[in-house]
1. Pick from B:Ala91, B:Ala35, B:Ala96, B:Ala60: which is closer than 30 Å to A:Leu225 by Cβ, out of contact with any Phe, Trp or Tyr (no Cβ under 8 Å at 6 or more places or on another chain), outside any loop (DSSP other than H, G, I, E, B) and within 13 Å of chain A (Cβ to nearest Cβ)?
2. Which number in (1) under 30 Å from A:Tyr356 (Cα atoms); (2) not in a helix (DSSP H, G or I) marks the one condition that A:Leu222 misses?
3. Of the conditions (1) buried (at least 19 other Cβ atoms within 10 Å of the Cβ); (2) at the interface with another protein chain (Cβ under 9 Å from one of its Cβ atoms); (3) not aromatic (Phe, Trp, Tyr), A:Val205 fails just one. Which one is it?
4. Do we find that B:Asp42 is in a helix (DSSP H, G or I), free of Cβ contacts under 8 Å to residues at least 60 places away in the same chain and loosely packed, with under 11 Cβ neighbours inside 10 Å in this structure?
5. Only residues that are away from chain B (no Cβ under 12 Å) and among the hydrophobic types (A, V, I, L, M, F, W, C): list them for the stretch A:224-242, please.
6. Of everything in the stretch A:293-309, what is more than 7 Å from every other protein chain (Cβ to nearest Cβ) and in a loop (DSSP other than H, G, I, E, B)? Give them in sequence order.
7. Exactly one condition in (1) in a loop (DSSP other than H, G, I, E, B); (2) farther than 22 Å from A:Gly292 by Cα; (3) within 11 Å of another protein chain (Cβ to nearest Cβ); (4) not charged (D, E, K, R) is false for B:Ala247; which is it?
8. Return the residue satisfying two criteria in turn: it lies in the stretch A:251-291 and is in a loop (DSSP other than H, G, I, E, B) and at the interface with chain B (Cβ under 7 Å from one of its Cβ atoms), and of such residues it is nearest to A:Thr79 (Cα to Cα).
Amino acid sequence: MIRALVRFLDQRTGTAPFLRRTLRYLFPDHWSFLLGEVALYAFVVLIGTGVYLTLFYEDSTAKVVYHGPYGPLQGQEMTHAYRSVVDISTTVKAGLLIRQTHHWAANVFIAAIVLHLLRVFFTGAYRKPRELTYWLGLTMLTMALLEGYLGYSLADDLLSGMGLAIGYGVALSVPFVGANLAALMWDGPFPGSYAFFPRMYIVHVFVIPALLAVLLAAHLALVALKHHTQFRMSERESERKLVGVPTFPGQTPRSLGLFASVVAVLFLLGGLVQINPIWLWGPYHTYSATNGAQPDWYLGWLIGALRIVPGFDVVIGHYTLVPNPFWGGVLLPLAFFGFLYLWPWLERRFLGERGYHNLLDRPRDAPLRTAIGYAVATEVFLVFLAGSADRVDVLFGLPYIPQIWAYRVLVIVGPFVAGFLAYRVCVELQRGERVEHERRRAEHAARVARSRA
Amino acid sequence: MSKARAFLVAAATLLVGRGRRRRLRPGEREPIVAAPTPRSPDAELVAIGLLLASAASAIAFVVIYVLDRLPAHTQLLGLALGLAFVFLAAALTVTAKRLVPNEELEDDYPEQEHPDEQERVVQVVEESGLTRRRLFVLALGAAGGSIGLALLTPVASLGPALHLARFSLTPWRRGTRLVTEDGEPYRADEIEEGTFYTAFAEGADKEALASSLVLVRLPKSELDLPPENAGFDADGILAFSKICTHAGCAIALYRKPMFAPTDPQPALICPCHYSTFEPAKGGKVIFGPAGRKLPMLPLAIDGKGFLRARGNFDGPVGPSWWGVRMKRPTT
């Protein structure tokens with residue numbers, strides 16, 4: 001049976017040697033290598049649940065009066081887009097489960113990518129010969145952020161509409177071409193023409209997912225071509241020798257088990273933990289807004305950045321050179337991703353990083369890299385926290401304005417302090433290891449001396 | 001005890017393996033999966049049990065789906081499907097840990113590079129002769145670039161990228177009445193202190209950014225309007241664009257002092273990034289990221305007591321862009 005199948009495949013595709021190599025391809029064993037896999041599996045869930053949602057979603061902003069089963073919205077004017085998402089959540093059997101699972105999967109997808117990125121950065125896994133893999137991964141992260149934003153914007157509820165308004169404000173803020181860019185995307189001033197939602201829709205359900213799929217395939221192909229990196233766990237691992245578990249039989253049940261775990265968590269979240277109850281937010285109008293508006297977690301850093309910038313536009317005469325949202329909405333993400341894209345080059349150019357690496361560093365092994373990465377991460381995290389200052393005000397009564405002033409100082413001081421501390425910790429850990437090593441050697445020498453005597 | 005057993009098993013395996021390796025009988029083959037398959041009937045039973053539990057949960061999902069009208073339908077569906085995958089994951093974990101051989105193998109990393117092959121690739125390209133024809137390469141670039149440009153040109157149809165007049169259009173003109181969301185005209189005596197109202201230009205598209213207003217009434221003694229906004233109020237009623245000049249959200253918060261000595265002055269606030277505008281000073285920014293004051297609309301009360309615009313906004317509505325300060329709002 002198996003022999004017949006393999007023979008059939010080999011005779012028609014000639015892939016038996018490839019299959020054999022694939023079955024015995026080695027996966028080094030470390031929990032942190034599973035983060036990318038989690039992202040992959042969340043992506044699979046996103047595709048599945050997403051396709052299901054398209055069977056009910058309507059990308060039209062034409063107005064309709066709601067006469068569905070959900071009482072509080074009865075008789076309200078709304079767009080077809082919003083009504084269709086309310087219907088998915090209320091009248092489509094299992095629709096709410098699939099919609100919530102989709103939303104949770106998006107959050108988990110991006111969280112897994114970010115953790116994967118942290119692992120790759122702090123262990124130096126991006127170094128030669130794996131820079132291309134790293135750049136593809138970064139590009140997927142930017143795509144995923146945009147994809148998530150477009151996804152929840154499609155619901156056209158009050159919260160998502162506010163998000164789109166901010167997106168419009170940020171687009172307008174691009175120096176020299178902002179308004180032209182926005183007019184192009186929205187087909188006129190906000191809220192744009194009937195064409196805008198279909199544009200978002202096709203980008204969300206086809207353009208970006210297709211791009212992600214292609215980038216993902218290339219990312220995985222590159223990983224396989226150069227083989228996985230590994231930690232030095234014993235004497236066996238080296239820059240030339242890879243130690244790991246083969247795809248089959250060892251790794252297959254592990255990976256499938258992880259896949260099932262991710263799917264399980266996502267469906268449990270989708271069924272049991274409410275997320276984005278759009279029927280409570282109500283339909284969006286340009287003239288309404290709700291207090292305590294928070295985006296999905298992965299955009300929290302952008303809203304925080306938009307909030308802490310002091311109020312000024314850079315103006316020359318009557319020409320507005322830099323409208324305010326540019327700093328937080330454009331410059332910060334550009335600087336952050338610019339740093340990440342350039343990092344492998346910066347490290348080679350300025351930190352003297354050389355060579356060809358299959359063995360990973362521990363964060364302490366490269367104190368400067370760890371310090372710089374930690375400083376950047378601290379900056380992003382502080383800005384992210386600033387985005388929740390309004391909730392902190394409501395929940396804990398800490399007044400908003402002093403909080404913002406504190407963050408304005410912290411985002412300047414914090415990264416330096418964090419970077420310095422990280423550097424010291426790395427150096428102390430290294431020193432501790434050397435002392436421990438010395439102690440062991442001395443004890444060993446003493447034992448040898450005793451046994452001789 | 002167990003160590004002794006493990007030792008015996010290992011020794012036996014080695015012995016048997018050695019014996020076999022020496023004389024492979026015809027039809028017999030060298031093993032590839034080197035590690036022995038763990039013999040654990042218990043684990044197999046557990047895995048089978050978990051797989052059956054997974055199947056049962058999946059069936060439960062179907063049953064719950066069919067049995068409509070259960071309370072907490074979504075929760076039950078999620079629980080059933082989630083558990084199906086939980087059991088599957090557990091079964092696979094048992095499989096990985098106990099049922100398949102646990103090999104840890106070594107392999108060589110691929111070669112760093114292939115200098116000979118690189119050289120051959122370069123040679124093939126060079127010997128094609130194409131790279132030496134400079135003009136040809138230039139022309140090829142010109143054709144490629146131009147075709148790319150041509151194919152991108154239709155993108156310009158996406159929107160009026162070069163016609164930005166609509167960004168400064170408003171529906172307000174002298175005499176336009178202020179109406180509620182339902183189109184009822186506002187009377188001046190309806191507007192009370194201590195709260196805010198949303199108003200629209202009569203007959204205009206309510207969703208257009210320049211249509212909506214936020215109305216507040218302040219005691220006339222508290223007004224401190226700058227000279228250019230002098231007389232914009234109608235008996236203490238002030239009208240501002242409802243769209244924040246920072247990023248385009250709607251101004252939806254009105255802070256009025258609860259305890260005068262410590263609380264700040266009345267202010268209009270955007271809940272997106274907390275740009276804070278002071279109505280008594282003509283919409284001046286007093287906190288937050290907005291870079292321009294809130295546009296103010298001059299008001300009048302007509303003979304019947306209805307609120308009307310006395311002209312257009314004193315500045316452009318909505319978020320800033322490069323030309324936002326170059327044009328007055330027009331109708």
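Derivation of every value follows stated rules applied to the coordinates shown; laboratory data play no part. Since we're looking at a predicted model, the values are computed, not measured. Cβ sites come from the backbone with ideal geometry, for glycine too, and all protein chains shown count toward neighbours.
1. B:Ala96
2. Failed condition: (2).
3. (2)
4. The answer is yes for B:Asp42.
5. Within the stretch A:224-242, A:Phe231 is the sole residue that qualifies.
6. A:Gln294, A:Pro295, A:Asp296
7. Of everything listed in (1) in a loop (DSSP other than H, G, I, E, B); (2) farther than 22 Å from A:Gly292 by Cα; (3) within 11 Å of another protein chain (Cβ to nearest Cβ); (4) not charged (D, E, K, R), B:Ala247 misses just condition (2).
8. A:His285
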